[in-house]
Amino acid sequence: MKTFTPPPIRPGIQPRSSMGYRIDHGVRSSVPFLFVFFATLVLSAPLNLPGQVELMPAIIMVTIFLWSVFAPVLMPSLAVFVLGIWADILSFGPAGVMLLMMLIVHGVALSGRYTLARVNFFILWLVFGVVMVGVTALQWVLCCALALHIVEFLPFVFETVLAFGSFPVLYTGFVWTYRFVVNNADGA
Amino acid sequence: MPVSIQFRQALGKLVLPALILVACGVILLGKADRGLIEKLRMHTADLLAPAYGLVAWPQEKLRWVSGNLQDIRNLEAENIRLRTENAALRHWYDVAAALADENATLKANLHWIPDNAPTFVSGRVVRDTSGLYARAVLLALNPDTAVRKGGIALDGAGLVGRVTEVGRRSARVLLITDSSSRLPVTLESSHAAAIMAGDNSALPRIIFYPQDNVPIEGERVVTNGEIESLPAGLPVGHVHYLRPGQPVVVPAAALDHVDMLRVFDYEDSVVPPDAPGRVPLPTGSGAMPLPAHPDQGLHG
């Protein structure tokens, strides 16, 4: 049976699907994944930055949230899972907690993306703040339960505040990346 | 395989819940089989240890250069201070030499048994693996060095921690400030035994000290020879009261900035002798030989 190919939505000159084009396209669309991967790796190195331990979850959560809202094709659930395992291996916390947090942030962003992608930036920021508070509270409860005693609460508050504060910076970076690196003229 | 669009959509919706379930499974697995996760992490840390070393190297050089510049700036004041200190130290040197002589004479008279010199290796700390809930550092090792689990890590000033995991190229040292660290210590002036318990803050608490012999502010804290592999008399720090009734230890070692560590092996320092009166178990034959005459028994 002859397969039917629909006519292109945007008729015009289509780029040839050469090797170079495919490599270029692949690298561009794996930018979000690679960013989180290397951010995790770099922030686990002994840089002696102040607040380095809390910065890693903050950057991971903001990045996953933004890409899951605006371009879930480039941040699929399976990629989040792989990144979660990677972050868990490098972070020496209780195993799996980081992974669960990342999946929950991804899930919330994914389920609300038709609303979230259209709202004002400040409302998006606020929504992220609420999500982060919830997720960090869950992390604290899980850490207490797994360690069988109450662990100190302040580092978790710091982690939330840091994530909330770094949102605008990462949002700017995200918009730039989305416009000029990932979403080039041929349109993915 | 041709599948309908509806089926594929339903399948796509199931991926995330399935992954969340797997994540819960990972949490349970990490709790049930801690060794597996630790092995995986140590393996990764082993692979990354050279890279971490590369990151640590320029930082150390930079600190060295900036330290040098500062030294040059206050050279004058430093010289004056060192001269006065040197005069004081010369006096103490004489005292120490006299005391060492006296000590040697006394030990010779008392047939003193000298302590074994412990073996040690030194290594560079490549990574601070402290998280929100743990205080530990990772030590780079040569693959041939014999560092064992339970080794004692010291820096120039005092006790830092104990080796908890050993990989091929790295070892993890649990600091004395970690919340799972409990060490028996002796308070040097009041001669009281106590337990030093870490709580993830910079100052480990002193617990289980005798109520009629409370720790004195500022007195030295040294290790206690109660447990194997940790000899008595290693310097730990000094006592400080955060508030009345809450003594803590201010560690002598610079725990917030550990650069170099020496790992000592005290494993076979003190072996307890066999308990007297115990009948040694026979080797080889199954049944224990009974004494021929009851009155020539264990004490005969």
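Tally time: how many residues in region B:111-132 are within 14 Å of chain A (Cβ to nearest Cβ) and over 17 Å from the mean Cα position of the chain (by Cα)?
2
Can you go through A:Ala145, A:Ala117 and tell me which one is within 11 Å of chain B (Cβ to nearest Cβ) and small (Gly, Ala, Ser)?
Selected residue: A:Ala145, the only one of A:Ala145, A:Ala117 that is within 11 Å of chain B (Cβ to nearest Cβ) and small (Gly, Ala, Ser).
Please list, ordered by residue number, the strands (runs of 3 or more DSSP E) wholly in region B:89-164 having 3 or more residues that are under 23 Å from B:Gly233 (Cα atoms).
B:119-128, B:152-154
For region B:101-118, indicate whether the set of residues that are more than 26 Å from A:Glu152 (Cα to Cα) and touching an Asp or Glu at 6+ places or on another chain (Cβ under 7 Å) is non-empty.
yes
Do we have B:Leu40 as facing chain A (nearest Cβ under 9 Å) and modelled with pLDDT of 85 or more here?
Yes: the conditions hold for B:Leu40.
Name the residues in region A:105-118 that are under 24 Å from A:Phe156 (Cβ atoms) and either crowded, with 19+ Cβ neighbours inside 10 Å or among the polar types (S, T, N, Q) (or both), would you?
Result: A:Val105, A:His106, A:Val108, A:Ala109.
Considering only region B:170-216, how many residues are surrounded by 21 or more Cβ atoms within 10 Å (Cβ to Cβ), in a loop (DSSP other than H, G, I, E, B) and over 15 Å from the mean Cα position of the chain (by Cα)?
The total comes to 1.
Looking only at region A:14-37, decide whether some residue is among the basic types (Lys, Arg), within 22 Å of the chain's Cα centre (by Cα) and at pLDDT 80 or above.
The answer is yes; a qualifying residue exists.
Yes or no: A:Leu154 within 14 Å of chain B (Cβ to nearest Cβ), at pLDDT below 90 and either over 23 Å from A:Pro50 (Cα atoms) or surrounded by 19 or more Cβ atoms within 10 Å (Cβ to Cβ) (or both)?
no
With within 14 Å of chain A (Cβ to nearest Cβ) and surrounded by 10 or more Cβ atoms within 10 Å (Cβ to Cβ) as the only criterion, which of B:Arg135, B:Arg162 stands out?
Going through B:Arg135, B:Arg162 in turn, just one is within 14 Å of chain A (Cβ to nearest Cβ) and surrounded by 10 or more Cβ atoms within 10 Å (Cβ to Cβ): B:Arg135.
Condition test on B:Glu76, is it under 25 Å from A:Leu47 (Cβ atoms) and either loosely packed, with under 10 Cβ neighbours inside 10 Å or within 12 Å of chain A (Cβ to nearest Cβ) (or both)?
Against the criterion (under 25 Å from A:Leu47 (Cβ atoms) and either loosely packed, with under 10 Cβ neighbours inside 10 Å or within 12 Å of chain A (Cβ to nearest Cβ) (or both)), B:Glu76 does not qualify.
Given the criterion exposed (fewer than 15 other Cβ atoms within 10 Å of the Cβ) and assigned by TED's automatic domain parsing to the domain that holds B:Asp256, identify the matching residue among B:Ala153, B:Ala157, B:Ala97.
None of the other options fit; the residue is B:Ala157.
Scanning region A:79-96 for residues that are at pLDDT below 90 and not small (Gly, Ala, Ser), which turns out farthest from A:Thr172 (Cα to Cα)?
Ranking the qualifying residues of region A:79-96, first place goes to A:Pro94.
The values are calculated or read from the model by the stated rules, or taken from the named source; none is laboratory data. Bear in mind the structure is a predicted one, so any value in this text is a computation, not a measurement. Reconstructed Cβ throughout: ideal geometry from the backbone, glycine too, with neighbour counts over all protein chains shown.
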